[in-house]
1. How many residues, within segment 199-257, are crowded, with 16+ Cβ neighbours inside 10 Å and among the small types (Gly, Ala, Ser)?
2. Considering only segment 44-58, I want to know if a residue exists there that is touching a Pro at 6+ places or on another chain (Cβ under 8 Å), farther than 30 Å from Ala142 by Cβ and in a loop (DSSP other than H, G, I, E, B).
3. Of the conditions (1) in a helix (DSSP H, G or I); (2) more than 16 Å from the ligand (Cβ to nearest atom); (3) touching a helix residue (DSSP H, G or I) at 6+ places or on another chain (Cβ under 7 Å), His295 satisfies every one except a single condition; which number is it?
4. Specify which of the listed residues (Ile375, Ile359, Ile344, Ile367) is among the β-branched types (Val, Ile, Thr), near the ligand (Cβ under 10 Å from one of its atoms), surrounded by 17 or more Cβ atoms within 10 Å (Cβ to Cβ) and at pLDDT below 95.
5. Cβ-Cβ distance below 8 Å, separation of 6 or more or different chains: which pairs start in segment 379-390 with a residue that is assigned by TED's automatic domain parsing to the domain that holds Asp290 and end on one that is assigned to a helix (DSSP H, G or I) and among the polar types (S, T, N, Q)?
6. Can you name the residue in segment 325-334 that is more than 13 Å from the ligand (Cβ to nearest atom) and without any contact (Cβ under 8 Å) to a residue 60 or more places away in the chain and is also farthest from Asn232 (Cα to Cα) among such residues?
7. So which residues in segment 199-220 are free of Cβ contacts under 8 Å to residues at least 40 places away in the same chain and either outside any loop (DSSP other than H, G, I, E, B) or not hydroxyl-bearing (Ser, Thr, Tyr) (or both)?
Amino acid sequence: MAKIAVLERKCTGCGLCRASCPFDAIEMTDGRPEMNAACRVCGICVKSCPQQALVKLETRSASVDKTQWKDILVFAEVSGGRLHPVGLELIGKARELTAPLGFKVRAALVGSGVGTHAEELRHYGVSEIAVYDDPALGYFRADAYAGCLEDYIRAVKPCVVLVGATSLGRSLAPRLATRFRTGLTADCTKLELRENTDLVQIRPAFGGNIMAQIVTTNTRPQFATVRYKVMNPPARGEEADGVILPRKLPKSVGESKASCVGVTPLPPKKSISDAEILVVGGRGLQKEGDLAMIHTLAALLGGDWAVSRPLVEKGWATNERQIGLSGRTVRPKLIITCGVSGAIQFASCMKDSERIVAINSDRNAPIFDVAHVAIVDDLYKVVPELIEKLKEGRT
Ligand SMILES: Cc1cc2nc3c(=O)[nH]c(=O)nc-3n(C[C@H](O)[C@H](O)[C@H](O)COP(=O)(O)OP(=O)(O)OC[C@H]3O[C@@H](n4cnc5c(N)ncnc54)[C@H](O)[C@@H]3O)c2cc1C
C-alpha cells in the first residue's frame with residue numbers, strides 16, 4: 001500500500017500540488033492539501049511541490065509463504081442445471097499447468113442439485129471435487145457462493161483459482177479476491193505457471209495494443225478469469241477417478257444479505273461462441289441491407305452470422321453478435337470473414353478457429369496473417385458467387 005503524506009511544517013499552502021494533479025484528487029482544506037479517493041498515488045504532486053512538503057510513503061506487505069499454497073482450484077459453474085463448458089476448458093488448462101510441478105487439480109461445485117455433475121467431472125482428471133449442494137444455493141447469490149468457495153480455499157490453500165469469465169464468474173471472482181486481499185486478472189488469454197508458483201497471467205491491455213503479463217508476487221491465492229472458448233477442454237476419459245467431497249455449508253450462507261424473490265428465465269439464446277460455422281460481416285459492407293447476403297451464406301452453410309464492432313456501432317447488429325475484445329471469443333470449425341480488416345481486437349478473439357477463410361479486397365489486410373485461405377477480391381463478387389454455388393449444389 002502506498003499513500004501521499006503532507007509535511008505540515010513545510011507546506012505553505014501554495015496549491016501547486018492541486019494544480020498539478022491529473023486526477024483532481026487534491027482538495028485544499030484550511031490551506032492544506034488533502035488527498036481524496038481519486039488519488040492514484042502517482043507522485044506527480046510530490047515532484048511539483050517546491051517546498052518538498054509532500055512525500056510518497058510505501059508500506060511493503062509481508063510476502064506469503066508460497067510453499068503452503070499448492071494445487072489449482074477450478075470453479076465448475078453450473079448454470080440452468082448445466083455444467084458450463086468453460087469449467088472443463090479451465091480444468092484442461094489447470095492439468096497442463098500443474099503437471100510439471102506435480103500439483104493436483106481440484107474443482108468446486110456450488111448450487112442446488114449439482115452433485116450429479118461431480119460424477120461427470122471425475123472423467124476429466126480432477127483429483128478432488130468439493131460439492132456444496134443445498135437448496136439455499138438454488139439461485140446465484142454472490143455472497144453465498146463466495147462464502148462456499150472461501151471455505152474450500154481456506155481448507156485446501158490452492159495457489160491458483162480459475163473462474164470462467166461468465167456473468168456469474170465475473171461477479172464471483174472479484175468478491176473472492178477481495179476476501180483474500182489478493183490479485184485477480186480478468187479475461188486472461190494465456191496462463192503460465194512458474195516454478196515458484198507465480199502465475200503469469202497474460203491478457204491484452206491498452207485496447208489490445210500490448211499483451212500484459214501480470215504476476216501476483218506477494219499474496220495467495222492468485223485469481224484469474226478466462227473467457228469461454230479461449231482454452232481447450234480435455235478429452236473425456238473412460239475411467240472415472242478423483243474423490244467427491246460433499247462439504248458442509250459454511251455459516252455465512254445463512255447470513256447472506258441477499259434473498260431471491262423470484263426468477264424470470266430469459267428464453268434460451270444461441271451464442272455465436274457455440275457456432276461451428278460462422279460467416280462474419282465487417283465494415284467492407286456498404287449498407288445494412290447487404291448483411292442479408294451474410295445471413296444467406298451462413299444459413300446455406302448451416303451456421304450462424306456475426307459482425308465486427310463497427311457494425312454494432314452503426315446499429316446493424318447487437319453486441320451479442322460481435323466478435324472481439326469487447327464482444328465474444330469464438331473458435332468455430334469454419335469462419336468466413338467478409339470485409340473485415342483483422343484488427344488485433346478482432347483477430348485475437350477468432351484466430352484459434354480451425355479454418356479461417358478471409359475475403360478482403362486489400363491484399364495487405366492483417367486478417368490474411370491469421371487466415372488459412374485468403375481470397376483477395378471484392379466481397380460483393382465473391383459472396384454472391386459462393387451463395388450461387390451452394391444453391392446449385394443443393395438442386
Ligand atoms: C478497446 C478496443 C476494443 C475493441 N473491440 C473490438 C471488438 O470487440 N471487435 C471488433 O471488431 N473491433 C473492436 N475494436 C475496433 C477495432 O480496432 C477495429 O476498428 C475493427 O475491428 C474494424 O472493423 P472492420 O475490420 O469491420 O473495419 P475496417 O477496419 O474498416 O476494415 C474493413 C475492411 O473491409 C475491406 N473491404 C472494404 N470494401 C471491401 C469489399 N468490397 N470487398 C472486400 N473487402 C472490402 C477493407 O479492405 C478493410 O480491410 C476495438 C477497438 C478498441 C480500441
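The values are calculated or read from the model by the stated rules, or taken from the named source; none is laboratory data. Fair warning: this is a prediction, and the values are worked out from it, not measured in the lab. With ideal geometry, Cβ positions are generated from the backbone for all residues, glycine too; neighbour counts draw on all protein chains shown.
1. The total comes to 4.
2. no
3. (3)
4. Values: Ile375 fails: at pLDDT below 95; Ile359 fails: at pLDDT below 95; Ile367 fails: at pLDDT below 95.
Going through Ile375, Ile359, Ile344, Ile367 in turn, the sole match is Ile344.
5. Going by the 8 Å Cβ cut-off, the qualifying pairs are Ile387/Thr296.
6. Narrowing segment 325-334 to residues more than 13 Å from the ligand (Cβ to nearest atom): 331-334.
Applying the additional criterion that residues be without any contact (Cβ under 8 Å) to a residue 60 or more places away in the chain yields 332-334.
On the way: Pro332: 13, Lys333: 14, Leu334: 17 Å.
Selected residue: Leu334.
7. Those that are free of Cβ contacts under 8 Å to residues at least 40 places away in the same chain and either outside any loop (DSSP other than H, G, I, E, B) or not hydroxyl-bearing (Ser, Thr, Tyr) (or both): Val200, Gln201, Ile202, Arg203, Ala205, Phe206, Ile210, Met211, Ala212, Gln213, Ile214, Val215.
Conditions tested, residue by residue: (1) touching a Lys or Arg at 6+ places or on another chain (Cβ under 8 Å); (2) surrounded by fewer than 23 Cβ atoms within 10 Å (Cβ to Cβ); (3) within 20 Å of Val253 (Cα to Cα).
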| site | (1), (2), (3) |
| --- | --- |
| Val78 | no, yes, yes |
| Gly87 | no, no, no |
| Lys93 | no, no, no |
| Gly113 | no, yes, yes |
| Tyr124 | yes, no, no |
| Gly138 | no, yes, yes |
